[in-house]
Amino acid sequence: MASRKSVWVAAAGLAGAAAVVHRSRTHASAPTSPDRWLTVTVNRDPSDVQADKLPSPLHDYGDRIETRISAAPGDRGTELAVRLTEPQPVATESMAARLAGADPRQDLRLALREAKALLETGEVMRPDAPTTHNTPGGRLVGLLSRRAGGEGVL
Amino acid sequence: MKALCWEGVNKLAVEEVPDPVLHNDQDVIVRVIAGTTCGSDLHLIGGYIPFMRSGDVIGHEFIGEVVEVGTGVRRHAVGDRVVVSSFVGCGRCWYCTHDMWSLCDNTNTNPGIGQALFGADTAGIFGYSHAMGGLRGSHAEYVRVPYADYGAFKVPEGVDDTSALFVSDSVPTGWMGADLAGVKPGDVVAVWGCGAVGQMAARAAILLGAERVISIDRIPERLEMTERHIGSEVIDYTATDVGAELRERTGGRGPDVCIEAVGMEAHSDNTLVHAYDQVKQRLRLQTDRPTAVRQAIHACRKGGTVFVLGVFAGAVDKFPLGAVINKGLTVRGAQQHGQRYIPMLLDRLAAGDLSTAHLATHSVSLDEAPRAYDMFKQKTDGCVRAVIRPNG
Ligand SMILES: NC(=O)c1ccc[n+]([C@@H]2O[C@H](COP(=O)([O-])OP(=O)(O)OC[C@H]3O[C@@H](n4cnc5c(N)ncnc54)[C@H](O)[C@@H]3O)[C@@H](O)[C@H]2O)c1
Ligand SMILES: [Zn+2]
Ligand SMILES: [Zn+2]
């Protein structure tokens, strides 16, 4: 099935950034460098986004994360950035680790997105209960979907 | 309950699936009165958007009755007859508050896929693949509607179900194309595609004051319908050279605004180019066939605007970038910002300056839906839109 091939293209896209890191070894400038801040813009006034009052998934990280909050330009709200305090082993950036859900940045990214959704809308939209049954191509889409909450370029 | 499920490329089946439930406080459950086939579904069904799983419920353009309401819902009550925007918007992110609802930050629960494909995730849609959030579609007896205070709209008494149905997706899509392309009095507007989306774009252009509107397709009954119900001039692109015809009708200038409402499976008269595009699409070297977009860019007058309403998923080949820069064109596209236009469109339907009922050429039960999709895909029996009634 040709479409399965293109799902792999997307899988490579999800993990492609990690591959670049390994090839070039230029960690500081790599898109998924462990030092890089994960960041979102929250459509709330800076006074509504306070480091010690962040919603639960993020709040629970405590001092395992550093947090940076600043006003976004114009009417765009507030920029909220986080990163893990502890340096992470390089292996966590690999495609294998990310497909296995073993990169701790995935959980942090998810928590960051959830914090944004909670601050903006008061809830985190949940997916519908699945109606799917497994096929080889479908399993792959399922795997990518499971990881997609914590993956991405943010 | 029964639902229409995708079961593989070009395979649809009616299946028994669990009833939807409220997952969030701001959800409602809607009992679907009617839904419709949309050109976008054809891209899914044909496997051009490879993020479907077997068993996924499809359908995104619908009207229904609210039967259950979450504790956080303020604007709806059980019994409301509502038309629902195909895109889900949270109503409070920066994009929603700036009326760019299909760009909502908070409604695609699989954001990593969009971020890998497009550089950013976009809003969730009902029944439109796991890349767009994997929400269940509306070709089912019931559907869950998240953020219902923002996406569901009460239908005025005087507007019947079938007319209101298209305000969910195809009417706001067409309207958005004309609106965001900046159509204004005195403009000549050309529209590629005489499906529901193209027809609604043409109608919107007329209502926004365009001097002339010219619609392009090859299917005789669609051309005839567009002339009669929309009040647009038409061109059969198999009978003439579209570029030359448009130049002749516009004093050699070309249309001020060109709206493309065809999408990634465009048909081409030029056998060689079509074969080339198809082979590349099959091999996934290009994901989309941009025939009408290329033609629109060539035909557009210097300094004009091309608006892409047709759905494209990935990369295209032979994109005439030279024409864009040398002719100083504005090229724009968007998925529909339904919530921005639906209240105004319902008012216009009620007032009678917009009519949609003629689009519903067929009406079928859920069991007949696979056959209806086949007819819609092949464009047989004069099918423009098949209306699917899951609850009879
Ligand atoms: N942007 C959005 O939010 C949005 C919403 C709904 C639909 N869409 C897209 O709009 C497009 C049209 O949807 P529809 O429901 O009207 O589909 P449809 O399949 O009913 O209509 C498409 C029409 O295009 C015609 N066509 C094919 N090749 C052509 C060409 N080269 N030149 C001129 N016409 C050509 C076909 O004959 C057909 O009549 C689809 O791509 C769909 O995915 C986009
Ligand atoms: Zn649609
Ligand atoms: Zn939003």
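The values are calculated or read from the model by the stated rules, or taken from the named source; none is laboratory data. It should be emphasised that the depicted structure is a prediction, and the values quoted were computed from it without experimental measurement. Heads up, the Cβs are rebuilt from the backbone with ideal geometry, glycines too, and the neighbour counts pull from every protein chain shown. Ligands, DNA and RNA are stripped out before the accessible areas are found, and what is left, the full protein with its side chains, is counted by its heavy atoms. Shrake-Rupley method; radii C 1.70, N 1.55, O 1.52, S 1.80 Å.
Just name the residue that is nearest to ligand 3 (Cβ to nearest atom) out of those in the range B:50-86 that are in a loop (DSSP other than H, G, I, E, B) and within 15 Å of the chain's Cα centre (by Cα). I'd like the intermediate steps shown before the answer.
Step one: of the range B:50-86, the residues in a loop (DSSP other than H, G, I, E, B) are B:50-55, B:58-61, B:70-80, B:85-86.
Within this subset, residues satisfying the condition of being within 15 Å of the chain's Cα centre (by Cα) are B:58-61, B:85-86.
Details: B:Ile58: 24, B:Gly59: 22, B:His60: 17, B:Glu61: 20, B:Ser85: 12, B:Ser86: 15 Å.
This residue is B:Ser85.
Checking the condition under 20 Å from B:Asp161 (Cα atoms) and within 12 Å of chain A (Cβ to nearest Cβ), which residue from B:Ile29, B:Ile63, B:Ile49, B:Ile33 passes? Before you say what the answer is, go through the steps one by one.
On the way: B:Ile63 fails: within 12 Å of chain A (Cβ to nearest Cβ); B:Ile49 fails: under 20 Å from B:Asp161 (Cα atoms); B:Ile33 fails: within 12 Å of chain A (Cβ to nearest Cβ).
Only one candidate passes the filter, namely B:Ile29.
Within the bounds of the range B:261-278, is there any residue that is within 14 Å of chain A (Cβ to nearest Cβ) and touching a residue at least 12 places away in the same chain (Cβ under 8 Å)? Step through it out loud before you land on a result.
Taking the range B:261-278 first, the residues within 14 Å of chain A (Cβ to nearest Cβ) are B:264, B:278.
Those still in the list that are touching a residue at least 12 places away in the same chain (Cβ under 8 Å) too: B:264.
Within the range B:261-278 (the criterion being within 14 Å of chain A (Cβ to nearest Cβ) and touching a residue at least 12 places away in the same chain (Cβ under 8 Å)), the answer is yes, since at least one residue qualifies.
Have a look at B:Leu117, B:Leu165, B:Leu135 and point out the one that is in contact (Cβ under 8 Å) with a residue 60 or more places away in the chain, within 20 Å of B:Leu366 (Cβ to Cβ) and either within 14 Å of another protein chain (Cβ to nearest Cβ) or within 16 Å of ligand 2 (Cβ to nearest atom) (or both). Please lay out each step first, then the result.
On the way: B:Leu117 fails: within 20 Å of B:Leu366 (Cβ to Cβ); B:Leu135 fails: in contact (Cβ under 8 Å) with a residue 60 or more places away in the chain.
Exactly one residue qualifies, and that residue is B:Leu165.
Out of all the residues in the range B:7-23, is one or more within 14 Å of chain A (Cβ to nearest Cβ), assigned to a loop (DSSP other than H, G, I, E, B), open to solvent by 20 Å² or more (accessible area, probe 1.4 Å) and within 16 Å of ligand 1 (Cβ to nearest atom)?
Yes, the conditions are met somewhere in the range B:7-23.
Would you tally the residues in the range B:18-40 being small (Gly, Ala, Ser) and either farther than 20 Å from B:Gly174 by Cα or in the same structural domain as B:Val262 (by TED's automatic domain parsing) (or both)? Don't jump to the end; show me each part of the working.
First, the residues of the range B:18-40 that are small (Gly, Ala, Ser): B:34-35, B:39-40.
Okay, now just the ones that are also either farther than 20 Å from B:Gly174 by Cα or in the same structural domain as B:Val262 (by TED's automatic domain parsing) (or both), so B:34.
Qualifying residue count, the range B:18-40: 1.
Within the set of pairs 6 or more residues apart or between chains, which connect a residue that is more than 14 Å from every other protein chain (Cβ to nearest Cβ) and without any contact (Cβ under 8 Å) to a residue 24 or more places away in the chain inside the range B:210-229 to a residue that is outside any helix (DSSP H, G or I) and more than 16 Å from ligand 2 (Cβ to nearest atom) with Cβ atoms less than 6 Å apart?
Matching pairs, first to second residue: B:Glu227/B:Val234.
Report yes if B:Cys38 is at the interface with chain A (Cβ under 9 Å from one of its Cβ atoms) and away from ligand 3 (no atom under 16 Å from the Cβ), otherwise no.
On the way: at the interface with chain A (Cβ under 9 Å from one of its Cβ atoms): no; away from ligand 3 (no atom under 16 Å from the Cβ): yes.
Here the answer is no, as B:Cys38 does not meet what is asked.
Anything in the range A:51-82 that is open to solvent by 60 Å² or more (accessible area, probe 1.4 Å), out of contact with any Pro (no Cβ under 8 Å at 6 or more places or on another chain) and not in a loop (DSSP other than H, G, I, E, B)? List them, or say none. Let's see the steps before the verdict.
First, the residues of the range A:51-82 that are open to solvent by 60 Å² or more (accessible area, probe 1.4 Å): A:51-53, A:56, A:59-60, A:63-64, A:66, A:68, A:71, A:73-76, A:79.
When the remaining residues are screened for being out of contact with any Pro (no Cβ under 8 Å at 6 or more places or on another chain), the result is A:51-53, A:56, A:59-60, A:63-64, A:66, A:68, A:73-76, A:79.
Those that are open to solvent by 60 Å² or more (accessible area, probe 1.4 Å), out of contact with any Pro (no Cβ under 8 Å at 6 or more places or on another chain) and not in a loop (DSSP other than H, G, I, E, B): A:Ala51, A:Asp52, A:Lys53, A:Ser56, A:His59, A:Asp63, A:Arg64, A:Glu66, A:Arg68, A:Glu79.
I want to confirm something. Restricting to the range B:213-236 and keeping residues that are assigned to a loop (DSSP other than H, G, I, E, B) and surrounded by fewer than 21 Cβ atoms within 10 Å (Cβ to Cβ), which single residue is farthest from ligand 3 (Cβ to nearest atom)? So that I can check it myself, show each step before the final result.
Step one: of the range B:213-236, the residues assigned to a loop (DSSP other than H, G, I, E, B) are B:218-219, B:231-232.
Now drop any that are not surrounded by fewer than 21 Cβ atoms within 10 Å (Cβ to Cβ), which leaves B:218-219, B:231.
Values: B:Arg218: 39, B:Ile219: 37, B:Gly231: 36 Å.
Going through the qualifying residues, I end up with B:Arg218.
Where residues in the range B:73-103 are among the hydroxyl-bearing types (Ser, Thr, Tyr) and within 16 Å of ligand 1 (Cβ to nearest atom), which of them is surrounded by the fewest Cβ atoms within 10 Å (Cβ to Cβ)? Spell out the reasoning first.
As a first pass, look at the range B:73-103 and keep what is among the hydroxyl-bearing types (Ser, Thr, Tyr): B:85-86, B:95, B:97, B:102.
If we keep only those that are within 16 Å of ligand 1 (Cβ to nearest atom) too, we end up with B:85-86, B:95, B:102.
On the way: B:Ser85: 30, B:Ser86: 27, B:Tyr95: 20, B:Ser102: 27.
Of everything passing the filter in the range B:73-103, B:Tyr95 is surrounded by the fewest Cβ atoms within 10 Å (Cβ to Cβ).
Tell me, which helices (runs of 4 or more DSSP H) wholly within the range B:293-381 include 1 or more residues that are within 25 Å of B:Gln278 (Cβ to Cβ) and within 16 Å of ligand 2 (Cβ to nearest atom)? Walk me through how you get there before you give the answer.
Values: elements: B:321-326, B:338-351, B:369-378.
The helices (runs of 4 or more DSSP H) meeting that bar are B:369-378.
Quick one: would you say B:Gly252 is out of contact with any strand residue (DSSP E or B) (no Cβ under 9 Å at 6 or more places or on another chain) and either of a type in the set (Phe, Trp, Tyr) or free of Cβ contacts under 8 Å to residues at least 40 places away in the same chain (or both)?
Yes: the conditions hold for B:Gly252.
Of these, B:Asp41, B:Asp56, which one is within 16 Å of ligand 2 (Cβ to nearest atom), crowded, with 24+ Cβ neighbours inside 10 Å, charged (D, E, K, R) and farther than 20 Å from A:Arg126 by Cα? Give the derivation first.
On the way: B:Asp56 fails: farther than 20 Å from A:Arg126 by Cα.
Going through B:Asp41, B:Asp56 in turn, the sole match is B:Asp41.
For residues in the range B:256-288 being among the polar types (S, T, N, Q) and exposed (fewer than 14 other Cβ atoms within 10 Å of the Cβ), which is nearest to B:Val188 (Cα to Cα)?
At the first step, the residues of the range B:256-288 found to be among the polar types (S, T, N, Q) are B:268, B:270-271, B:278, B:281, B:286-287.
If we keep only those that are exposed (fewer than 14 other Cβ atoms within 10 Å of the Cβ) as well, we get B:270-271.
Details: B:Asn270: 26, B:Thr271: 29 Å.
Ranking the qualifying residues of the range B:256-288, first place goes to B:Asn270.
Let me confirm something: among A:Arg109, A:Arg105, which residue is more than 9 Å from chain B (Cβ to nearest Cβ), charged (D, E, K, R), under 18 Å from the mean Cα position of the chain (by Cα) and surrounded by 21 or more Cβ atoms within 10 Å (Cβ to Cβ)?
A:Arg105
So B:Asn106 ticks every box in (1) more than 9 Å from ligand 3 (Cβ to nearest atom); (2) at pLDDT 95 or above; (3) open to solvent by 10 Å² or more (accessible area, probe 1.4 Å) but one. Which box is left unticked?
B:Asn106 satisfies all of (1) more than 9 Å from ligand 3 (Cβ to nearest atom); (2) at pLDDT 95 or above; (3) open to solvent by 10 Å² or more (accessible area, probe 1.4 Å) except (1).
Checking the condition part of a helix (DSSP H, G or I) and at pLDDT below 50, which residue from A:Ala18, A:Ala11 passes?
Numbers: A:Ala11 fails: at pLDDT below 50.
Criteria check complete, one pass: A:Ala18.
Taking B:Asp160 as meeting all but one of (1) open to solvent by 40 Å² or more (accessible area, probe 1.4 Å); (2) farther than 22 Å from B:Ile33 by Cα, write down the number of the exception.
(2)
Here's the yes/no breakdown for (1) open to solvent by 10 Å² or more (accessible area, probe 1.4 Å); (2) of a type in the set (Phe, Trp, Tyr); (3) within 29 Å of A:Pro130 (Cα to Cα):
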| position | (1), (2), (3) |
| --- | --- |
| B:Ala140 | no, no, yes |
| B:Val143 | no, no, yes |
| B:Lys154 | yes, no, yes |
| B:Pro185 | yes, no, no |
